[in-house]
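Coordinate-derived values only; no laboratory data. This one's a predicted model, so the numbers in the text were calculated from it and none came from an experiment. For neighbour counting, all protein chains shown are included, and Cβ atoms are generated from backbone atoms with ideal geometry for every residue, glycine included.
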Amino acid sequence: MRRVIADVAIWGAAGDRVGIADGRIAWLGTAPAGWEAVPVTRYGGRLLTPALVDCHTHLVYAGDRAREWEMRLEGASYAAIAKAGGGILSTMQAVRAAAEDALLAESLPRLDALLAEGVGTVEIKSGYGLSIADEIKMLRVARRLGAMRPVRVVTSWLAAHAVPPEYRGRADAYIDEVAIPGLAEAHAQGLVDAVDGFCEGIAFSPAQIARVFEAAQALGLPLKLHADQLSDLGGGALAARFGALSADHVEYLSAAGITAMAEAGTVAVLLPGAFYMLRETQAPPVAGLRAAAVPMAVATDANPGSSPLLSPLLAMNMACTLFGLTPQEAMAGVTQHAAQALGVETGRLVPGAPADLAIWEAASPAHLANAMGHRPLHLRIHGGADV
């Protein structure tokens with residue numbers, strides 16, 4: 001099937017037309033010979049971009065943690081709440097108690113909220129079950145979500161997210177008995193696209209994460225890492241040493257970590273929702289990342305505790321306002337660089353790329369990032385078809 005989209009302002013490209021064939025972009029700008037009789041749809045000069053890519057979410061979960069937010073407002077720290085059994089462990093209890101269908105029913109509206117803001121690809125992590133069966137349950141739900149809506153879902157195994165109560169004081173045993181064998185089982189079931197971990201004082205050490213990463217590499221799986229969010233444990237450098245697709249959060253990323261990531265081609269995923277919600281004061285080293293030409297992605301980090309954010313457009317705004325990105329950098333952050341952080345071919349306006357597109361009631365990325373609380377999506381196109 002072939003079609004032509006015309007009278008659009010193409011972000012980052014010349015011309016006002018895009019040709020689509022068999023679900024992919026065939027050309028931009030000037031139609032080649034043989035396209036004279038192809039149907040043309042005109043969009044009145046609206047902005048056309050790739051469909052957005054939300055490259056870091058914890059979208060599948062049960063329950064809520066609004067009370068913990070109140071506790072932080074009252075002075076409790078994120079780390080203190082976690083050590084007292086709140087945080088991730090609180091959500092773990094809700095996920096373990098939820099049947100798969102109930103977990104799906106809770107998660108689907110969150111996915112729909114992202115789609116309403118132009119998302120065409122979304123990463124969904126496990127990490128709230130913290131047992132083999134419950135981690136696999138989460139990934140089954142993620143796969144089911146991808147089958148229920150016109151969206152590309154990329155799954156990440158995040159069993160190395162927190163140490164559950166039954167393994168308290170035995171993090172190494174948890175890695176040996178749950179994180180690594182569970183990964184093998186989930187991979188055998190076709191549920192895993194990538195492997196992630198949380199390298200932090202309240203979670204897992206670099207040595208423990210390295211063991212998970214070695215197991216992932218043995219299975220041929222790409223890597224991601226929650227790195228240097230609350231302290232500098234060398235997470236960015238660790239991610240780079242293993243050739244990870246991305247290091248995420250990176251508020252405490254060191255100069256050595258920046259250099260390592262630049263050399264490895266590891267993307268820095270900025271998560272301003274968590275920075276805002278936790279009222280952090282140390283922002284990611286954007287100037288250093290920019291100077292080293294490290295690609296910067298932007299994502300919602302949608303989760304029940306530290307970033308209950310379901311708006312990639314607001315994430316763009318926060319990345320500009322809180323971290324100093326330009327609107328053009330933020331736009332690249334939720335498209336091409338986010339796609340790079342997932343190792344997928346979406347997020348680009350080039351011939352041969354999937355025709356996952358968004359058409360906006362806006363003139364530029366600045367208009368998208370500036371209008372807080374506004375949803376200017378006119379139309380999303382998925383695989384060449386209007387959705």
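Quick one: helix 132-148 against the long Cα principal axis of the chain, what's the angle to the nearest 10°, folded into 0 to 90?
10
What is the chain's relative contact order, in percent, from Cα pairs under 8 angstrom and six or more apart in sequence?
19
Please give the Cα centre distance for the range 144-180 versus the range 191-218, rounded to the nearest Å.
For the range 144-180 versus the range 191-218, the Cα centre distance is 10 Å.
Return the equivalent ellipsoid semi-axes of the range 235-301 as a descending list in whole Å, where each equals the square root of 5 times an eigenvalue of the C-alpha gyration tensor.
The three semi-axes for the range 235-301 are 19, 12, 10 Å.
Run lengths n ≥ 4 of DSSP H only: what is the helix-derived mean residue ellipticity at 222 nm for the chain, with -39500 (n - 2.57) per run over all residues, to the nearest 500?
Taking each H run of at least 4 residues, the total per residue is -10500 deg cm²/dmol.
When Lys and Arg each count +1 and Asp and Glu each count -1, what net charge do the other residues less than 14 Å away from residue 97, Cβ to Cβ, add up to?
Summing Lys and Arg as +1 and Asp and Glu as -1 gives -3.
What distance in nm separates the simple spin-label points at residue 219 and residue 143, each placed 7 Å from Cα in the Cβ direction?
If labels sit at residue 219 and residue 143, their model points lie 1.2 nm apart.
Treat each spin label as a single point 7 Å out from the Cα along the C-beta direction, and report the residue 177 to residue 374 distance in nm.
5.5
Nearest 10 degrees is fine. How inclined is helix 312-323 to the longest principal axis of the chain, computing both from alpha carbons?
Once rounded, the angle reads 70 degrees.
Using Cα springs under 10 Å in a Gaussian network model of the chain, which residue among 14, 262, 302 shows the largest mean-square fluctuation?
Residue with maximal mean-square fluctuation among 14, 262, 302: 14.
Note the angle between two axes, namely the Cα long axis of helix 255-264 and the longest principal axis of the Cα atoms of the chain, as a number of degrees from 0 to 90, rounded to the nearest 10.
50
If the only charges are +1 at each Lys and Arg Cβ and -1 at each Asp and Glu Cβ, what is the size of the charge dipole of the chain around the Cα centre, to the nearest 20 debye?
560
Which three extents, in angstrom, do the Cα atoms of the range 31-173 have along their principal axes, listed largest first?
69, 35, 28
Go ahead and run the numbers for FRET between residue 76 and residue 168, Cβ-Cβ distance against an R0 of 22 Å, rounding to 0.05.
0.65
Amide H to amide H, which residues 5 or more places from residue 16 or on other chains are under 5 Å from it, using H placed in the peptide plane?
Those qualifying (amide H under 5 Å, at least 5 residues apart or on another chain) are 29.
Note down the nm distance, to one decimal, between modelled labels 7 Å out along Cα→Cβ at residue 133 and at residue 14.
6.2
Over the chain, how many percent of alpha carbon pairs lie in each 20 Å bin up to the one with the longest distance?
So the P(r) values, bin by bin, are 30, 57, 12, 0.
Compute the distance from the alpha-carbon center of the range 37-66 to that of the range 104-138, in whole Å.
Distance between centres, Cα-based: 16 Å.
Picking from 322, 349, 357, which is most flexible by a Gaussian network model of the chain using Cα springs under 10 Å?
Most flexible of the set in this elastic network: 322.
Considering only DSSP states other than H, G, I, E and B, which trypsin sites (Lys or Arg not before Pro) in the range 234-336 qualify as loop sites with at most 11 other Cβ atoms within 10 Å?
For trypsin sites (Lys or Arg not before Pro) across the range 234-336 that sit outside H, G, I, E and B with at most 11 neighbouring Cβ atoms in 10 Å, the list reads 279.
What translational D, rounded to a whole number of µm²/s, comes out for the range 164-314 from Stokes-Einstein when the hydrodynamic radius is the Kirkwood one over Cα pairs, at 10 °C and 1.306 mPa s?
Rounded to a whole number, D works out at 100 µm²/s.
So what are the range 100-173's ellipsoid semi-axes, whole angstrom, largest first, if each one is the square root of 5 times an eigenvalue of the alpha-carbon gyration tensor?
27, 12, 10
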